Amino acid sequence: MSYTHKPTVIETIAEKLHLIPDLHTAGDGPAAKKAVADGSQVNCPPPDQWDNWVEYDSKSWPERKAKEYMLIPTACFNCEAGCGLLAYVDKETMTMRKLVGNPYHPASRGRNCAKGPATLNQIEDTDRVLYPMKRSGKRGGGKWDRVSWDSVLDDIAGRMRKAIQEGRNNEISYHVGRPGHEGFMEWVLRAWNVDGHNSHTNVCSSGARFGYAIWEGLDRPSPDYTNAKFMLLVSAHLESGHYFNPHAQRIVEARTKGAKLAVLDPRLSNTASMSDYWMPSFPGSEPAILLAMAKVILDEGLYNRDYLENWVNWKEYLQQDYKGTPVTFENFIEALKKEYSAYTPEFAEKESGVKAAMIVDVARKIGEAGTQFATHVWRSASSGNLGGWAVSRTLHFLNVLTGSVGTPGGTSPSAWNKFHPDVHAKPKPQTYWNTLQLPDEYPLAHFELSFLLPHFLKEGRGKLDVYFTRVFNPVWTYPDGFSWIEALEDESKIGLHAALTPTWSETAYFADYVLPMGHSAERHDLISYETHAGKWIAFRQPVLRVAHAKMGKPVDYTWQANVGEVWEEDEFWIELTWRIDPDGSLGIKQYCMSPYRPGEKITIEEYYRYIFERVPGLPEKAAKEGLTALGYMQKYGAFEVETNVYKVNERTLSEADLQGSSVKPETGLITKNGKSIGVQVNGVNCTGFPTPSRKQELYSQTMIDWKWPEYRLPTYIKSHVHQEIMNRSKGEFALVPTFRLPVLIHSRSGNAKWLAEIAHRNPVWMNASDAKSLGFEDGDLIRVNTDIGFFINRVWVTEGIRPGVVACSHHIGRWRREQDPAANRWATNRVEIKREGGGKWKMRVAESIEPYESSDPDSSRIFWSDGGVHQNITFPVHPDPISGMHCWHQKVRIEKAHEEDSYGDVFVDTERSFQIYKEWLAMTRPAPGPDGLRRPLWLGRPFRPDEKTYYLK
Ligand code: SF4
C-alpha cells in the first residue's frame with residue numbers, strides 16, 4: 001500500500017527557487033533516485049522497501065544528505081487502543097528517528113493520535129530509568145543504588161519460592177495499570193498457582209462492564225459505527241476513551257454517510273461539539289434519560305418484535321413477576337410499558353436538565369435507525385456515579401429494544417471482536433482465591449477491589465510479601481493517594497515492593513526495587529481489541545532488537561538492544577519463573593520449557609511463534625509471501641483474523657457439541673453435563689449468549705439471588721452526587737473528575753515533551769452563571785473541598801459545562817519531592833509533603849516546572865511553568881456496592897481560596913478517608929449467595945480460579 005503525493009504549485013515553485021530540495025525530479029544521490037523511483041513524498045513507503053528506505057535528512061538542510069532507514073512495525077502503548085506504529089530506524093546510528101502510523105494495522109489503518117508519535121519522546125527521555133535500582137535507607141527516603149539484574153531476579157525469586165513453599169501464595173500480588181498483552185500474565189500467574197492478578201479496572205471500567213455483563217455475560221460494547229445510522233455516546237469517543245482513534249475514524253465515516261450522533265455529557269467535549277444532539281445531563285441522571293427513550297420506543301411501537309421475542313428472557317420475567325398472566329408477547333410488552341410508565345420524558349428532564357422534546361426526538365431517531373443503532377459508554381457516567389453500572393444497562397436496553405445487538409451498524413459484545421491466543425503450556429486454574437482482591441462483601445464486583453488495598457491492609461485482612469506494580473501509579477492515579485503512601489511505607493504490610501516501570505513515578509518512589517521496563521517500541525506484546533466488526537491481532541515488538549537481527553547481529557534478550565539495561569516484561573517473567581523453581585520441584589518450571597527444544601528454556605520468539613502458528617488463516621497468508629507466521633507478524637505488525645463479525649449468538653452448535661445434550665422444552669435451553677451450551681431458537685440450535693438463559697437477560701434472577709431484587713430489571717439508581725443533595729447557595733457542586741485531555745493519559749504522558757507542551761494545566765470548569773452567582777472571575781483561585789480535604793486550583797469560566805456541575809481533568813498535577821530522582825520534568829512540580837499526625841497530610845508546590853539543562857536541548861526551552869493540580873489524592877474511595885467500581889464523582893464545596901492558600905495546595909485527612917471507606921462498605925450485601933457461593937458461577941471473573949474456590953466452605 002502506498003500513498004502518492006503530486007507536487008503542489010507552491011512546492012513546484014519552491015523547488016524551482018531552491019527554497020526546498022528538488023524532490024520531484026531525479027537528483028544526484030541515491031535518495032533522489034529512490035524518491036523518483038518510488039513516487040516522491042511518499043507518506044508510507046511500500047513494505048517491500050521497508051528494509052531499505054532512503055530519505056533526505058531534514059536536519060542537514062540545505063545539504064542533501066541521504067539517510068538509510070529500516071521501517072519496523074510495532075504498536076502504540078500510550079493508551080489501550082494499541083494502534084499500529086511504524087518505526088524509522090536509522091541504519092547508521094541504530095536509533096529510532098520517528099514513529100508514524102502503520103497502514104497495515106486493521107484498526108488504526110495508518111492513523112494515530114498525538115500520543116503515538118510521542119512514543120519517541122518517552123524513549124529518548126533523559127530522565128528515564130536505565131538500570132535496576134534498589135532503595136537504600138528507609139522506604140520512600142529517596143536513596144537508590146544501582147544493582148545488577150541477576151541480584152534482583154535472585155532476590156525476588158527466592159522470596160517467592162519461600163512464600164509458595166509455605167503456602168502463602170496469596171501474599172504474592174501483581175498489580176497492573178495497563179496490561180497491554182493478551183494472556184501472558186494469566187499464563188505466568190497460573191504457573192505460580194497465584195491468584196494475584198490485581199488490575200486498575202475498578203477505577204476505570206468495572207461499572208460499565210457490570211451493566212453489560214448482567215445483560216449478556218460479556219462485559220464490553222463493540223459498536224459497528226461504520227454502518228450505523230444513529231450513534232448514541234455516553235462518552236467522548238472522538239477525542240478520548242477506549243479505542244478512541246479507531247472508533248473516531250469510524251464515527252466520522254458514518255457521519256459522512258449521513259448518520260447522526262447524539263452525546264450525553266455534562267461537559268461540551270470535542271465529541272459533543274461535533275454532535276447533532278448534545279444532551280448535557282446532570283451527572284448520574286443518564287439512566288433516567290435512557291429509560292425515557294425506552295418508554296418512547298415501547299409506547300410508539302418502535303421496538304424490534306422479532307429480536308425481543310426470540311432473544312430476550314421475557315418469559316421468565318412474566319412467569320416470575322406476573323404469575324398467572326398468560327405468557328404471551330403482547331402481555332410482555334404491556335408489562336414493560338407499565339414497568340417504565342413513570343419514566344416520562346418530563347421526569348427525565350426534571351432529573352437531568354435535558355429537554356423532554358430532545359429526548360423524544362432522539363428516541364424516535366433511535367427507533368428509525370432500528371438495527372443500525374450503535375452505542376457506547378466507557379468510563380464517564382458509568383464510572384462516576386453510585387449505581388453507574390445502571391448507565392450501561394439502560395443504554396444496552398435501547399440496543400435490545402431495537403434489535404441492534406450484533407447487527408451491521410449495531411453494537412456487539414466485545415468478546416466477538418477480540419482474539420484470544422493459544423499459548424504453548426496451559427497451567428491449571430489457580431487453587432487460591434485472594435480476598436485482598438475480591439473480598440466476600442463484593443460477590444458481584446466485576447474486577448478486583450484494587451483501590452481498597454490500603455484499607456484492607458489497614459484492617460489487617462492480610463499482608464503482601466511480594467508486591468509487583470507494573471506500569472501502575474496508584475499514589476497519583478488512584479483516589480486517596482496518601483493512604484497508598486501510608487501502606488507502601490509500612491514494611492509490615494508490604495514486605496517487598498518491586499515497581500516495573502519505564503520511568504520514575506509517585507509510586508515508584510515508594511518501592512524497594514525500581515526495574516526499568518521498555519516502552520511500546522522496546523518490548524513484545526500480542527494485542528487484540530474490539531475496535532470494529534472484525535477481529536485482529538497486532539504485534540508489539542522491540543524495534544531495535546528486530547533491527548539488529550535484520551543487520552545480521554541478533555541479540556538473545558531484548559535488553560541487549562534497548563538503551564541501558566531496559567528489559568521487557570515478558571523476558572523478566574520467564575526469567576523470574578525459571579529461578580523460582582530452579583530444580584523443577586515446585587512444578588512451575590515445566591511451563592517455561594520450549595515447545596520446540598525439549599528441556600530448554602523458552603525464548604520470547606518461541607512463545608510468539610507458537611501462538612502465531614495457531615492463528616486461523618495467518619500461516620496460510622504468510623506462506624503466500626514465503627514467510628513463517630512469526631515472520632509475517634514481524635514484517636507487517638498486524639493481521640486481520642476475521643471480518644464482518646455479526647450475530648455470533650446465532651452460530652449453530654455442531655453435531656459433536658450436541659451429542660449427549662438435552663433441550664428444555666419450555667425455555668429452549670440446551671444443556672450438557674449439567675452446563676448450558678446453547679439455546680434453541682425457532683428450531684435452530686444456537687450458541688446464544690453466556691448467560692443462564694443463553695439469551696439477553698432483561699430479567700435477572702442473579703440480582704434476586706444475590707440480594708438485590710430491586711434491580712432485577714434495568715432501572716435508574718440515584719447517584720451519590722444527585723442534584724437534590726446539592727446546596728448551590730453554599731457552593732456545592734457535582735465534580736466530574738474523569739475526563740481525559742486528548743493528548744494526555746494518566747501518568748503515561750509525563751515524559752513526553754511534545755504532549756506536555758500542548759497540555760499542562762487542569763483548571764476547574766465552571767458555568768458562567770454559577771461563576772457569576774458565586775462572584776468568581778475567570779482565573780480566580782478557588783478552594784475545592786472534598787469529603788477528606790481540599791485542593792487549590794483556578795477556575796475556568798465557560799459555557800461548555802452545564803450549570804450545577806464543575807469538572808477537572810485528572811491527567812495533570814504530577815509531582816516529585818526534593819529527595820526523589822528528577823523525573824518527568826516536563827510535567828512534574830517539585831512539592832513539599834508534610835505529615836502532621838492523625839492522618840493529616842499537606843502538599844505544597846515548592847517549585848513549578850522550569851527549563852533545565854540536559855542532553856536534550858529542548859529541556860532548556862520549556863516555556864510553561866504551570867504543572868497543574870493533583871486532585872485525585874483528595875478523593876475518598878467510593879466503592880459501588882455491586883459492581884465494585886470506584887464512583888469517581890465528588891460532591892464538593894467550592895469557595896474562594898483562603899489567604900494562606902497557594903495554587904496546587906492539597907490537604908487530606910486519611911483517617912476521615914478510612915471512615916468513608918467504612919460507610920461505603922456498609923452498603924454491600926456480602927456473600928454467600930445460593931449454594932454457599934462467593935460469586936455466581938456463570939458471571940465472568942478476571943483470571944478465573946479453580947471452581948472449588950468459588951465455594952465459601
Ligand atoms: S489512540 Fe493514540 S495513544 Fe492510543 S494507541 Fe492509538 S496512537 Fe496510541
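In segment 615-627, the residue that is farthest from PRO106 (Cα to Cα) out of those that are surrounded by fewer than 16 Cβ atoms within 10 Å (Cβ to Cβ) and more than 29 Å from the chain's Cα centre (by Cα) is GLY626. When PRO876 is tested against (1) in contact (Cβ under 8 Å) with a residue 40 or more places away in the chain; (2) over 20 Å from PHE282 (Cβ atoms); (3) outside any loop (DSSP other than H, G, I, E, B), just one condition goes unmet, and that condition is (3).
Kindly check whether there is at least one residue in segment 39-50 that is buried (at least 23 other Cβ atoms within 10 Å of the Cβ) and within 16 Å of the ligand (Cβ to nearest atom). No, there is no match, as no residue in segment 39-50 is buried (at least 23 other Cβ atoms within 10 Å of the Cβ) and within 16 Å of the ligand (Cβ to nearest atom). Has segment 752-772 got any residue that is free of Cβ contacts under 8 Å to residues at least 60 places away in the same chain, more than 16 Å from the ligand (Cβ to nearest atom), within 30 Å of ARG861 (Cβ to Cβ) and not basic (Lys, Arg)? The answer is yes; a qualifying residue exists.
Among the residues of segment 433-452, what is the count of those that are in a helix (DSSP H, G or I) and either under 14 Å from LEU921 (Cβ atoms) or of a type in the set (Val, Ile, Thr) (or both)? Give the derivation first.
Filtering segment 433-452 for residues in a helix (DSSP H, G or I) gives 450-452.
Checking the rest, the ones that are also either under 14 Å from LEU921 (Cβ atoms) or of a type in the set (Val, Ile, Thr) (or both) come to 451-452.
The total comes to 2.
The residues of segment 104-124 that are farther than 13 Å from ASN78 by Cβ and surrounded by fewer than 23 Cβ atoms within 10 Å (Cβ to Cβ), listed by number, are TYR104, PRO106, ARG109, GLY110, ARG111, GLU124.
Taking (1) in contact with a strand residue (DSSP E or B) (Cβ under 9 Å, 6 or more places away or on another chain); (2) crowded, with 22+ Cβ neighbours inside 10 Å; (3) assigned to a loop (DSSP other than H, G, I, E, B) in turn, PRO692 satisfies each apart from (2). Considering segment 303-391, the qualifying helices (runs of 4 or more DSSP H), each wholly inside and each with 2 or more residues that are of a type in the set (Lys, Arg), run over 329-339, 356-369. Taking residues in segment 474-500 that are outside any helix (DSSP H, G or I), and partners anywhere that are of a type in the set (Asp, Glu) and surrounded by fewer than 24 Cβ atoms within 10 Å (Cβ to Cβ), the pairs with Cβ atoms closer than 6 Å and at least 6 places apart or on different chains are GLY495/ASP465; LEU496/ASP512; HIS497/ASP512.
Would a scan of segment 111-119 turn up a residue that is in a helix (DSSP H, G or I) and either under 30 Å from LEU713 (Cβ atoms) or within 16 Å of the ligand (Cβ to nearest atom) (or both)? Yes, segment 111-119 contains a residue that is in a helix (DSSP H, G or I) and either under 30 Å from LEU713 (Cβ atoms) or within 16 Å of the ligand (Cβ to nearest atom) (or both).
Flag: ALA107 matches the condition of being farther than 17 Å from PRO47 by Cβ and either within 16 Å of the ligand (Cβ to nearest atom) or among the aliphatic types (A, V, I, L, M) (or both). Would a scan of segment 813-835 turn up a residue that is surrounded by fewer than 21 Cβ atoms within 10 Å (Cβ to Cβ), under 27 Å from the mean Cα position of the chain (by Cα) and assigned to a loop (DSSP other than H, G, I, E, B)? No, segment 813-835 contains no residue that is surrounded by fewer than 21 Cβ atoms within 10 Å (Cβ to Cβ), under 27 Å from the mean Cα position of the chain (by Cα) and assigned to a loop (DSSP other than H, G, I, E, B). Of all the residues in segment 728-751, those that are buried (at least 22 other Cβ atoms within 10 Å of the Cβ) and either assigned to a strand (DSSP E or B) or free of Cβ contacts under 8 Å to residues at least 60 places away in the same chain (or both) number 4.
Contact map, segment 375-401: first residue on the phi > 0 side of the Ramachandran plot, second residue of a type in the set (Gly, Ala, Ser) and surrounded by 24 or more Cβ atoms within 10 Å (Cβ to Cβ), Cβ cut-off under 7 Å, separation 6 or more or different chains; pairs are SER380/SER235; GLY387/SER719. I want to confirm something. Restricting to segment 74-91 and keeping residues that are assigned to a strand (DSSP E or B) and surrounded by 24 or more Cβ atoms within 10 Å (Cβ to Cβ), which single residue is farthest from the ligand (Cβ to nearest atom)? The residue in question is VAL89. Of the residues screened, ALA499 is not one that is farther than 19 Å from VAL203 by Cβ and buried (at least 24 other Cβ atoms within 10 Å of the Cβ). Candidates ARG844, ARG817: the one that is within 30 Å of ASP770 (Cβ to Cβ) and touching a residue at least 60 places away in the same chain (Cβ under 8 Å) is ARG844.
For segment 201-245, the set of residues classified as surrounded by fewer than 24 Cβ atoms within 10 Å (Cβ to Cβ), in contact with a Gly (Cβ under 9 Å, 6 or more places away or on another chain) and in a loop (DSSP other than H, G, I, E, B) consists of GLY217, LEU218, LYS229, listed by residue number. Within the option set GLU640, GLU625, GLU605, GLU613, being modelled with pLDDT of 95 or more and farther than 23 Å from TYR529 by Cα holds for one residue only, GLU625. If the condition is being out of contact with any helix residue (DSSP H, G or I) (no Cβ under 7 Å at 6 or more places or on another chain), over 22 Å from GLY631 (Cβ atoms) and either aromatic (Phe, Trp, Tyr) or not in a helix (DSSP H, G or I) (or both), then segment 587-611 contributes GLY587, MET593, PRO598, GLY599. If you filter segment 860-889 down to residues that are among the aliphatic types (A, V, I, L, M) and under 22 Å from VAL795 (Cα atoms), you find that the one that is surrounded by the fewest Cβ atoms within 10 Å (Cβ to Cβ) is VAL869. If you filter segment 125-140 down to residues that are surrounded by fewer than 20 Cβ atoms within 10 Å (Cβ to Cβ) and assigned to a loop (DSSP other than H, G, I, E, B), you find that the one that is nearest to the ligand (Cβ to nearest atom) is THR126. May I ask you to list pairs of residues, at least six apart or on different chains, whose Cβ atoms are under 8 Å apart, with the first in segment 66-86 being aromatic (Phe, Trp, Tyr) and the second being in a strand (DSSP E or B) and away from the ligand (no atom under 13 Å from the Cβ)? The qualifying pairs are TYR69/TRP53; TYR69/VAL54; TYR69/GLU55; TYR69/TYR88; TYR69/VAL89; TYR69/ASP90; TYR69/ARG97. Selection of segment 669-708 for residues being closer than 21 Å to PHE329 by Cα and free of Cβ contacts under 8 Å to residues at least 24 places away in the same chain yields VAL679, GLN680, GLY683. Among all positions in segment 94-102, there is at least one residue which is away from the ligand (no atom under 16 Å from the Cβ), outside any loop (DSSP other than H, G, I, E, B) and either at pLDDT below 90 or within 30 Å of ALA823 (Cα to Cα) (or both). Scanning segment 54-73 for residues that are of a type in the set (A, V, I, L, M, F, W, C) and either surrounded by fewer than 23 Cβ atoms within 10 Å (Cβ to Cβ) or within 16 Å of the ligand (Cβ to nearest atom) (or both) returns VAL54, TRP61, ALA66, MET70, LEU71.
Being at pLDDT 95 or above and assigned to a loop (DSSP other than H, G, I, E, B) is the filter here; which residues of segment 144-191 pass it? Of everything in segment 144-191, those that are at pLDDT 95 or above and assigned to a loop (DSSP other than H, G, I, E, B) turn out to be VAL147, SER148, GLU166, GLY167, ARG168.
Residue by residue, here is whether (1) at pLDDT below 95; (2) touching a Leu at 6+ places or on another chain (Cβ under 9 Å); (3) within 14 Å of the ligand (Cβ to nearest atom) holds:
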{"site": "TYR243", "(1), (2), (3)": "yes, no, yes"}
{"site": "ILE251", "(1), (2), (3)": "no, yes, yes"}
{"site": "ALA254", "(1), (2), (3)": "no, yes, no"}
{"site": "GLY258", "(1), (2), (3)": "no, no, no"}
{"site": "ASP265", "(1), (2), (3)": "no, yes, no"}
{"site": "SER275", "(1), (2), (3)": "no, yes, no"}
{"site": "MET279", "(1), (2), (3)": "no, yes, no"}
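The values are calculated or read from the model by the stated rules, or taken from the named source; none is laboratory data. Small disclaimer: the values here were computed from a predicted structure and weren't measured. Cβ atoms come from the backbone with ideal geometry, glycine included; neighbour counts cover every protein chain shown.
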